Amino acid sequence: MNAAAGRLPLWLKLAFTLWVVTWATSYARVLGWQNFLWLCDLASFLLLVALWTESRRLMSAQWLAVLLVGVLWGVDVGTALVIGVHPIGGTEYMFDTARPLAFRLLSLFHLLLPLVAGYGVWRLGYDRRGLVWQVGLTWAVLPLSYAVTDAERNINWVQGPFGQPQASLDPLVYLVGLMLAWPVVVYLPTHLLTLGLARWRRRRDH
């Protein structure tokens, strides 16, 4: 996808910086450092870097990280809000009244990140090498999450899918399967969709 004319606006960089500082400070105080190993949490920091450096490759990598996750998160929360059922799972914490509503609403960043990353890719262009970058990051973060985080927190679902622990497979076999499945299920669809949109745009412009 060819880069659009113009740079990323300063107001967006400043606004997103303010958001990350507010969100990260609150999360660090309440949830601790382990929570920042969630790939979507890491995406917030990496998107901040991508905005200020205007790195097309880093922006593209985070676009892959957040689009499908953000959509599925929104579907799960929205469905639970309307009919009280979580069709996917993993967002039950949004309805945990033991935590203040204002703090739970900070998780709406799952809906914000795809908008920011999508705008960044639209302005800077899509770098297909972002797929390799994001897969490499994921293959580093998933074993790290398994090794250093509390099992009951199930960071990045390294203990079981959809936020629930699993006992059907050996934990390391499951972890390897998760590392192989994550790029195929989460990143590849967005990568192919973006390339398809880029081809359509080129045909339309010609």
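Which residue, chosen from 97, 40, 51, occupies the Cα position most advanced towards the positive end of the dipole of the chain, where the dipole is computed from +1 (Lys, Arg) and -1 (Asp, Glu) charges on Cβ about the Cα centre? Towards the positive end, the residue furthest out is 51. Basic side chains Lys and Arg get +1 at the Cβ, acidic Asp and Glu get -1 at the Cβ, and with that the dipole of the chain about its Cα centre reaches some 1060 debye.
Taking 35 Å as R0, compute the FRET efficiency from the Cβ-Cβ separation of residue 144 and residue 30 and round it to 0.05.
0.95
Mind pulling the angle between the C-alpha long axis of helix 188-205 and the longest principal axis of the chain? Nearest 10 degrees, somewhere in 0 to 90. With both axes taken from Cα atoms, the answer is about 20 degrees.
Taken per residue, the accessible surface of the chain reaches 52 Å², heavy atoms only and a 1.4 Å probe.
With an a/c value of 1.5 or above and a/b larger than b/c for the gyration tensor axes a ≥ b ≥ c computed over the alpha-carbon atoms, the stretch 1-112 is described as prolate. The 3J(HN,Hα) values that the Karplus relation (6.51, -1.76, 1.60; θ = phi - 60°) gives for the stretch 119-127 are, in residue order, 5, x, 5, 4, 7, 8, x, 9, 9 Hz. Gly and Pro appear as x.
For the chain, with all protein chains in place and a probe radius of 1.4 Å, 70% of the accessible heavy-atom surface sits on carbon or sulfur. Can you give the longest run of the chain that contains no trypsin sites (Lys or Arg not before Pro) sitting in a DSSP loop with at most 16 other Cβ atoms inside 10 Å? By the stated rule (loop sites, at most 16 other Cβ atoms within 10 Å), 8-127. The distance between label points at residue 106 and residue 184 comes to 3.6 nm (points 7 Å beyond Cα on the Cα→Cβ vector).
For the stretch 73-168, the fraction of C-alpha pairs more than 19 angstrom apart is 60%.
Taking every DSSP helix (H) stretch of at least 4 residues in the chain, weighting each as -39,500 (n - 2.57) and dividing the sum by the residue count yields a mean residue ellipticity at 222 nm of -22000 deg cm²/dmol.
For the stretch 10-72, what percent of Cα pairs sit more than 18 Å apart? Here the tail beyond 18 Å accounts for 39 percent of pairs. Taking the Cα centre of the chain as the origin and placing charges on Cβ (Lys, Arg +1; Asp, Glu -1), which of 106, 151, 84 is farthest toward the positive end of the dipole? Towards the positive end, the residue furthest out is 106.
The values are calculated or read from the model by the stated rules, or taken from the named source; none is laboratory data. All of these numbers come straight from a predicted model, not from anything done at the bench. FYI the Cβ positions are ideal-geometry reconstructions off the backbone, even for glycines, and counts take in every protein chain you see. Note: areas computed on protein heavy atoms with side chains; ligands, DNA, RNA excluded. Shrake-Rupley method; radii C 1.70, N 1.55, O 1.52, S 1.80 Å.
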